[in-house]
Every structure is written in C-alpha cells, then in structure tokens.
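The values are calculated or read from the model by the stated rules, or taken from the named source; none is laboratory data. Quantities reported herein were computed from a predicted structural model and do not represent experimental measurements. Reconstructed Cβ throughout: ideal geometry from the backbone, glycine too, with neighbour counts over all protein chains shown.
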Amino acid sequence: MGSATSSMAAKFAFFPPDPPSYGVNVEETTGKMRISDVLPREDVDVMKLTTKKGNEIVAVFVKNPSASLTLLYSHGNAADLGQMYHIFTELSLHLGVNLMGYDYSGYGQSTGKPSEQDTYADIEAAYKCLEEKYGVKEEDTILYGQSVGSGPALELAVRLPNLRAVVLHSPILSGLRVMYPVKRTFWFDIYKNIDKIPLVNCPVLVIHGTEDEVVDVSHGKQLWELCKEKYEPLWLKGGNHCNLELYPEYLRHLKKFIAAIEKLPCVQEVTEQATDKPESPLKTADHNTEKARTSTDQKEKSRTSTGQREKSRLSTDSREKARTSTDKREKSRRSIDRTGKARNSTDQSERARNSFDRLGDMVRSVGLCNVDCLRPAASEA
C-alpha cells in the first residue's frame, strides 16, 4: 500500500512538456551548443551535464558581467528550458546576477525519467558545474525554487552550510500536502520541504500569490514561519500559481532582496570573525563596550560589527536600515524600485530588452503552469 501511494505521488509530481518545447544543436563554425528556435546569444552557454544517476541533463548559464552573485534556478512543473530561456535571460539582466537554469531528467532534451531522487541528482550536477566550470563559490550562490522546484532547491540548501540565500516561489510543503490536507509527514511523501526548511541557515525569501488555486498560499506562509532566517515575504494579492512574474512588485521585491543579500556577510565570514574575536560580546548593553566599538581604528570601522551582523540577519527591520546606508557603488547599480527611471537611462539596445513588459509578455506567451496537472490526476485517483 505504501509503495503504491509513493508511486502515485511521484506520478502526480512530474509532467514534462510533451513534446519538448526545444531542441539542441551544435554550431558547425564554433562548435557551441545552442537551444533551437531562439536567437543565439554570446552571454549564454548551453551544455549537457552528466548526473550521478547516469542521466544527461541540459543546462544554460546566463552571464552578467556586473554580477557578484549567481542564481541557480529550479523551474516548476510542466515547463522546460525552451519555455524558460527568455525569462532566465531577462531575470539575469534585471536582477544583475549570473543565472543557471537546468532541466530535470526526462524534461526537454534531458535523458532519463523524472523522479524525486533524480531531481536531487540533477541540481547537484548543476551546482557542481557552477563550482568547477565557472568558479562560483557556495557563499555567492542563491538557490531559487519555483513550485515543485522548491523540492530540489531545499534539498541542496540543507547540504550547503555557507549558502548565501534561498528564494521560494509558490513553494509546496510536500507533494502529498498539495493534494490532501494531511497534518503529519508520511514516509512515502515526496519533497518534504516542511521538514527541511528549519534546517536552512541562510536568509529565505518566500513569494506566493494569495489566490493560488494549485498550491494554496498557506504552503508559503507556513514555510516562511518555519524559517530560521526570515526575510520580508511577498504575498501577491490576487496572484495565482502561474502569473506572479506579471506583477511589478515581483521584480521590485526580488531586486531589493538581492541588494540586501549583497551587503550581508556570508555565513562563513561571520563564523571566521566570531572565531577571530571570541571575546567580542554579541548581546551586551554595557556602555564601556559600546565606547570600545566606537573607538576602534579605521580598519575596524569599515567592518560591520558582529552585533550589527547578527541583528541584520535576524531582523528584517535591520536589513532595511542596512539598505539605506548603501555606498555609492550600490546606488549606481540598476534599481528595479525605479523601473521607469532605469528604462529612461539605459541605452537603446538595452532598453529594447530590459523591459518588464517584455518579461510579462514572455510569461503570458509561455502559459507556464507548474503543478496544475495535479488536480485532474488527483481526481482520477
């Protein structure tokens, strides 16, 4: 009975587009791999990665020359790289990050069949590629999980102690909880995010639509409540499961989150500083200690105090204060909060593709739906 239920849950979880929305070809002149039916771009690498399960998955890496952080994006159900390609390139541009997206086994032109364990192997292969091929460090990586993609994202997050941050977009508590309002975790359930989220040590942003008809907003809210390092969530009023990218608040909030994360020290730095100065108090209100902090040399002044770091990681309000003290370099970067001004200041070539309206059009044209197939499948069961 348990095995049958587990197989049923796995069946509900994976619905790759059939047929795939894209093909892969190799340019004769350059030998570079390309996604078919899209305009080739020099800032996008297309590659095939071999997972520890023996499958060969397709991945894309979008390079941004001004980026200090890299987003590893796990997309939702009923989508593949052909549908996500333009969205990935636009997000990289708008957010000022490098971005790697990949197809799960059995999706698009990736070989094998999708399963929970295969998706874990898939994201592991993508992350390994970031480390070995592009030199991306763990502390400079943000994991982004959309809907079903929240499963592999959180599985990897609990294994990366120095991870910079996590974004959960319309996440699920678990596979079974999408279909049934169970109150406990069963062994045969898949993507047990509800049990993994408390183990994530980095800041977590949760984005969910209040009118999500596929994965109720209560999933996102409960996951946010269970986070150790809560960042101000985004509950998009009226948003459903497939259209959150159409809301201007979506990009604005993501941009604000990225800017805050760039200013926060990574977990590794905080640990090293705590080891170097164990005598430095974290929660003391002693007046003499405060004097000592203010009288430190210029080098120490340039560093954020351990207490301030601790507060900034535990308090959204402190992060807001940190953002208001951004240096001139940060002010010079593109601001999604002032999307209109940014568009007016960009040159003609960037203006043509740096449009939020275009991103919205892409989402509309793709008609992405991540686990919409769960409902009819559950009804049949």
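Which one is farthest from the chain's Cα centre (by Cα), of the residues in segment 218-234 that are buried (at least 23 other Cβ atoms within 10 Å of the Cβ) and part of a helix (DSSP H, G or I)?
Ranking the candidates gives His219 first.
For Ser170, indicate whether it is among the polar types (S, T, N, Q) and either without any contact (Cβ under 8 Å) to a residue 40 or more places away in the chain or over 26 Å from Ala259 (Cα atoms) (or both). First the steps, then the outcome.
Details: among the polar types (S, T, N, Q): yes; either without any contact (Cβ under 8 Å) to a residue 40 or more places away in the chain or over 26 Å from Ala259 (Cα atoms) (or both): no.
Here the answer is no, as Ser170 does not meet what is asked.
Of the residues Phe257, Phe188, only one is surrounded by fewer than 24 Cβ atoms within 10 Å (Cβ to Cβ), assigned by TED's automatic domain parsing to the domain that holds Leu71, touching a Gly at 6+ places or on another chain (Cβ under 6 Å) and not polar (S, T, N, Q); which?
Numbers: Phe257 fails: touching a Gly at 6+ places or on another chain (Cβ under 6 Å).
Matching residue, one of Phe257, Phe188: Phe188.
All but one of (1) within 29 Å of Ser66 (Cβ to Cβ); (2) out of contact with any strand residue (DSSP E or B) (no Cβ under 7 Å at 6 or more places or on another chain) hold for Asp118; which doesn't?
Here Asp118 clears every test but (1).
Restricting attention to segment 80-110, which residues are in contact with a helix residue (DSSP H, G or I) (Cβ under 7 Å, 6 or more places away or on another chain), closer than 19 Å to Ile57 by Cα and buried (at least 23 other Cβ atoms within 10 Å of the Cβ)?
Leu99, Met100, Gly101, Tyr102, Asp103, Tyr104, Ser105, Gly108
Out of Glu155, Glu139, I need the residue that is in the same structural domain as Asp216 (by TED's automatic domain parsing) and surrounded by fewer than 22 Cβ atoms within 10 Å (Cβ to Cβ). Which one? Steps first, please.
On the way: Glu155 fails: surrounded by fewer than 22 Cβ atoms within 10 Å (Cβ to Cβ).
Going through Glu155, Glu139 in turn, just one is in the same structural domain as Asp216 (by TED's automatic domain parsing) and surrounded by fewer than 22 Cβ atoms within 10 Å (Cβ to Cβ): Glu139.
What tally of residues in segment 231-254 results from selecting those that are in contact with a strand residue (DSSP E or B) (Cβ under 7 Å, 6 or more places away or on another chain) and among the acidic types (Asp, Glu)?
So the answer is 1.
On the given criteria, is Glu245 in the same structural domain as Ile142 (by TED's automatic domain parsing) and at pLDDT 95 or above?
Values: in the same structural domain as Ile142 (by TED's automatic domain parsing): yes; at pLDDT 95 or above: no.
So Glu245 fails the test.
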